[in-house]
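First up is the structure itself, then whatever we jot down about it.
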Amino acid sequence: MSGEPKQNASNPTSRRRFLKVAGGVGLAGTAALGTWGACEIFAPKQPKKQTGNTHRSICNLCGTGCGIHVDMHEGNVVGVRGDEQAHNRGLICVKGEMLRSLPDLSGRLERPKIRKDGVLADASWDEALSLVAERFQEVIVDDGTDAVAYYGSGHLTTEVSYTAAKLFRAGVGTNNVDGNARLGVNSSAVAYAQSFGLDEPPGCFEDVDHADCFFIVGANPAACHPTLFERVLTRRDSKQGAEIVCVDPRASETAMVSDRHLSITPGTDLLLLNSMAQVICAESLYDSEFVERHVAFNDGTQPVTFDAFQTFLESYRPEAVETQIGIAAERIRETARRFARSQATISLWSAGVNQQADAVSVANMLSALHLITGHICRPGAGPLSLTGQANAAGGLRDAGALAERLPCGRQVENAEHRREMEQLWQVPDGTLSPTRGFGGMELFEAMGDGRVKAALIMGANPARSLPNSARHRKGLEKPFLVVVDVVNQTETAEFADVLLPAALWIEKQGVFEQSDRRYQLLDKRIDPPGEARDELDILFDLAERLGHGALFSARSASDVWNELASVSKNTRYDFSGITHERLRDCQGLRWPCPTPDHPGTSRRYVAGDDPFVRDSNRAENGGIDFYGQADGKAIVFLRAPNEPIETTSEDFPLQLTTGRVLEQWQTGTLTNHIPELKQASRDGHFELHEQDATPLGIKSGDRVEVTSRRGNLVGPVRVSTAGKPGVVFAPFYDAALPVNTLTADHLNNSSGVPALKLAAISVKKVTT
Ligand SMILES: Nc1nc2c(c(=O)[nH]1)N[C@H]1C(S)=C(S)[C@@H](COP(=O)(O)OP(=O)(O)OC[C@H]3O[C@@H](n4cnc5c(=O)[nH]c(N)nc54)[C@H](O)[C@@H]3O)O[C@H]1N2
Ligand SMILES: Nc1nc2c(c(=O)[nH]1)N[C@H]1C(S)=C(S)[C@@H](COP(=O)(O)OP(=O)(O)OC[C@H]3O[C@@H](n4cnc5c(=O)[nH]c(N)nc54)[C@H](O)[C@@H]3O)O[C@H]1N2
Ligand code: SF4
Ligand SMILES: [Mo]
C-alpha cells in the first residue's frame, strides 16, 4: 500500500496514497475519483518559488496536531505544507492543506454583535462587554453564582481554557465550567483515571513504529487522524506479519484497509473485549509475571483475585456471546490470540468507544487487555486513545475546564485540592465552591429549566452537536447567552444575545496538547480580521468588568502558560519544565517534564523515562511503577454490560450510528465553507447497506425519511455493499442534515458522555 510520493503536475497537491473504497460506498467512491480520495494525505512539497516567509506551526484541528510549514507572502498565507521534522513526517491531510483558506474564509465574524429587537446588530466591544458584565452581575446577585456558566472547547488554547476556568471558579465562584470534551473524550479520561489512578495514556505516537498488532476499536483514523493512520499503514506494510484489526460495525475507510475487520453489532464492544479476555485467560495467553507484579483486580466495589476475574469471564465464552456480537466464536478466539501473541500490540480508539452507553467500561477493558497480556509500557505496546480536537486533552482535561476537575488532576470535591488551588491562585480560603458544577447535558438541562440564567459559550456549537437536539436546544433559548465564535453563522449564534468575534488558528498564540500528552506551540503570525480578538484578551476584559481583574497578573499567553506550568508542579502532570520558548524550538514535549532540561516522557510509568517512577520499584519490578495507584498496581475492573439503552423494534428496525468524514471538520462551520472540501465530501447523507436498501426500493441518490424515537429527518442516501446490514451511518457536518434531531441522549453514568453512537430508526423512501 505504501509508495513514494507521486507528483501530479496538474494538481496543486501531490498525492501520496489513494485508497479507493473498493466495493464500499457507491457514490463516495466515484465522487472521490474527481477530487480527493477517502484516505488521501499529502506529502511535503516545496513551495515553487520562495517569495515570502515560511513559519513553522501546527494544524490545530484534530488530536494528531501535525507540524506544518506556513508559507506567507505579503502578510497572507499562501500555502501549508507538512513539516518533515515533525511526528507527522511531512504529511498533512486535506484539511491541513486547506488551512490556508481559513484567514479569508467567507462568513468570518469581524465585529461584536448585540441582539436588538430580535436581530443581531453590530456593536462596539465596549457596548457588548459592558452588557455581558452587567447581565452576569445581575444574575449573580439575584440568583447566585451557580446561575452562571461557561461552556468551552478543545478548539481553544490551553491558556484560554485555564483562564476561563479560573475566572469562573475563583472569580465568579461557580464550578459550572464545562466543554465539548463531555461529548466524547471524557469517557477515556475517566477510564484512565479509574484504571491507572491518573488521566492520559501511558504511551505515545512513536509506539506505532514498533507495534505489530494494531487493535483499532470504534475509531476511523483513516478519516479522523489521517497522518497517524498513514504511520500505522507504513508500519503494517513494512513489518512482516504485522496486522491491523478494526472493530467497527461499518466498513469505514479504516476497516477497508485492515487485515481483520470485525463488523460487530453496535454497542457490543464490551461483550467482545470480555470475550477476548476469557479466551486469553482460558488459553493461558496472559503474562502471569506481569499480572503478578503490576496488576490488581477489582469488581467495582472491592479488590478481588485474578481467579475471581477469570470466573467472572466464564459467561463471556465466545460461544455464549457470538450471536449478540454478530461475530463467529472462532473469529473472536483468533482475534484474542492475535492480540496476546503479537510482539507488541497497540490499541487505538476514539468516539466509537467514547460515545457508547458503556463507554467507560469499554475503555477500562481495553486497558485491561493490555495489562493482562503485558502489552504495555514498552515500545509499540499500550492503550492509546485518540483525542478529537487538537486541545481536548490539554485545555479541557489538564487545565481543569470540566465541571468536576481543577487543574492538573485535582478534583473539585477534594477539600485538599481546593485549598491548594486557593493558595496558588492567592484567593481567600473557601473561595472555591465545593460543589461540582453542571457538566454537558446537565448544564443545558439547567439552562432550560432556569437554574442557569446566563452562559458564556466559546468555541462550540452545541445547538447542533448535542444529542436529541430538540430537547437540548431549549436550554439555549432561555438564558442570557454570550457566544464567542470565529464565524457569524452557527446554529448556536442564532440563540445568542451577544456574539463576539474571536481570532482563529495563527491569529493567536497558545499551546495545544495532542493525544499522546504532547504539548505544542501555535504562534501568532497574522492579525485576526476586523475587530476579532484573541479569547484571552476577551476574558481579561470581561474579568476586569466583573471586578476580578486582580486575579490575572499574567496577561500574555506565555505568562499564563508559565502560571499554569507552576500550578502543575507537585502534581503527577508536572510540566513546569515546559515554556513557550522551549516549545518554539522543538516538535513538542510530552509531560511529565519537570525541569527546563528534561526531555519529556515518552512512556509513562517506566523507569528511566518517567521521572515519577519510585526508586523502590525500579529493580525488583522490572522498572514499571503504576504510581497513580498507591500500591503501584494498575487495576483491571470486572465490567458487565448494562442493559442496552436503545433497542430496535418493529417500528424502529435499524440502528443509526453517526460520525465523521475526512474532508469535514465537526459541525462544518469552517470546512463546509471551503469550496474544495465541500465539493469533496458533498452533501450530508445516510449510508445504508444494500441489504437494507434494496427491499425498501432505495438506491443511491434517493431521498429517505429517517425517524427515531426523538425526531425525523429527510436526506439523501448512499448505498454501501460492505459493513453490517441493519446499521445506517450518517455524518454530522452538514447543517442541512442535522442528525442530532435523531440521536439518543442517554448518558454514560461515569463520564456524562451521551450515547451519540446508537439510535434505533426506521427508514422510508420519500417519493415526492
Ligand atoms: N475529518 C475529521 N477528523 C476529525 C473530526 C472531524 O470532525 N472530522 N473530529 C475530531 C473529533 S472531535 C473526534 S472526537 C474524533 C473522532 O474520531 P473517530 O472516533 O475515529 O470518528 P467517528 O466517525 O465519530 O467514529 C468512528 C467510528 O466508530 C464507529 N462506531 C459506531 N458505533 C460503534 C460501536 O458500537 N462500536 C464500535 N467498535 N465502533 C462504532 C463508526 O462506525 C465510525 O466509523 O475525530 C477527530 N478528527
Ligand atoms: N451525531 C453526533 N454528534 C456529535 C458527535 C458525533 O460523533 N455524532 N461527536 C461529538 C464530539 S466528539 C464533539 S467534540 C462535538 C463537537 O461539538 P462542538 O464543539 O459543539 O462543534 P464544533 O463544530 O466543533 O464547534 C466549534 C465552534 O467553534 C468555532 N470555532 C472554531 N475554532 C474556533 C476558535 O479558535 N475560537 C472560537 N472562539 N471559536 C472557534 C466554530 O466555528 C464552531 O462554531 O460534537 C459532538 N456531537
Ligand atoms: S486535521 Fe489532523 S491529520 Fe489533518 S493536517 Fe490537521 S492535525 Fe494533521
Ligand atoms: Mo470530539
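Here are a few things to note about the model shown:
- Scoring residue 241 on the criteria (1) more than 21 Å from residue 626 (Cβ to Cβ); (2) away from ligand 2 (no atom under 16 Å from the Cβ); (3) part of a helix (DSSP H, G or I); (4) not aliphatic (A, V, I, L, M) leaves a single failure, condition (3).
- Residues being under 13 Å from residue 179 (Cα atoms), touching a helix residue (DSSP H, G or I) at 6+ places or on another chain (Cβ under 9 Å) and charged (D, E, K, R) - total across segment 399-411: 1
- Filtering segment 68-92 to residues that are touching a residue at least 40 places away in the same chain (Cβ under 8 Å) and near ligand 3 (Cβ under 9 Å from one of its atoms) leaves 82, 88, 91, 92.
- Residues of segment 434-465 satisfying the condition of being among the hydroxyl-bearing types (Ser, Thr, Tyr) and either within 16 Å of ligand 3 (Cβ to nearest atom) or surrounded by fewer than 19 Cβ atoms within 10 Å (Cβ to Cβ) (or both): 435
- Residue within segment 471-493 that is touching a Phe, Trp or Tyr at 6+ places or on another chain (Cβ under 6 Å), buried (at least 22 other Cβ atoms within 10 Å of the Cβ) and in contact (Cβ under 8 Å) with a residue 40 or more places away in the chain present: yes
- Looking across segment 428-470, the residues that are free of Cβ contacts under 8 Å to residues at least 60 places away in the same chain and of a type in the set (Gly, Ala, Ser) come down to 430, 448, 450, 463.
- Qualifying residue in segment 176-191 (condition: more than 27 Å from residue 657 (Cβ to Cβ) and surrounded by fewer than 24 Cβ atoms within 10 Å (Cβ to Cβ)): no
- Qualifying residue in segment 245-252 (condition: surrounded by fewer than 24 Cβ atoms within 10 Å (Cβ to Cβ), within 23 Å of the chain's Cα centre (by Cα) and within 15 Å of residue 340 (Cβ to Cβ)): yes
- Those helices (runs of 4 or more DSSP H) lying entirely in segment 112-217 with at least 3 residues within 16 Å of ligand 2 (Cβ to nearest atom), more than 25 Å from the chain's Cα centre (by Cα) and under 17 Å from residue 484 (Cβ atoms): 125-143
- Filtering segment 96-111 to residues that are in a loop (DSSP other than H, G, I, E, B) and either surrounded by 13 or more Cβ atoms within 10 Å (Cβ to Cβ) or in contact with a strand residue (DSSP E or B) (Cβ under 7 Å, 6 or more places away or on another chain) (or both) leaves 102, 103, 105, 107, 109, 110, 111.
- Scanning segment 390-425 for residues that are surrounded by 22 or more Cβ atoms within 10 Å (Cβ to Cβ), hydrophobic (A, V, I, L, M, F, W, C) and not in a helix (DSSP H, G or I) yields 390, 399, 401, 402, 403, 406, 412.
- Residue 533 being touching a Cys at 6+ places or on another chain (Cβ under 9 Å) and either without any contact (Cβ under 8 Å) to a residue 40 or more places away in the chain or of a type outside the set (Val, Ile, Thr) (or both): no
Computed from the coordinates by the stated procedures, all read-outs in this text should not be read as laboratory data. These numbers were taken from a predicted model, which means no experiment stands behind them. Ideal geometry is used to build each Cβ from the backbone, glycine not excepted, and the neighbour counts take in all protein chains shown.
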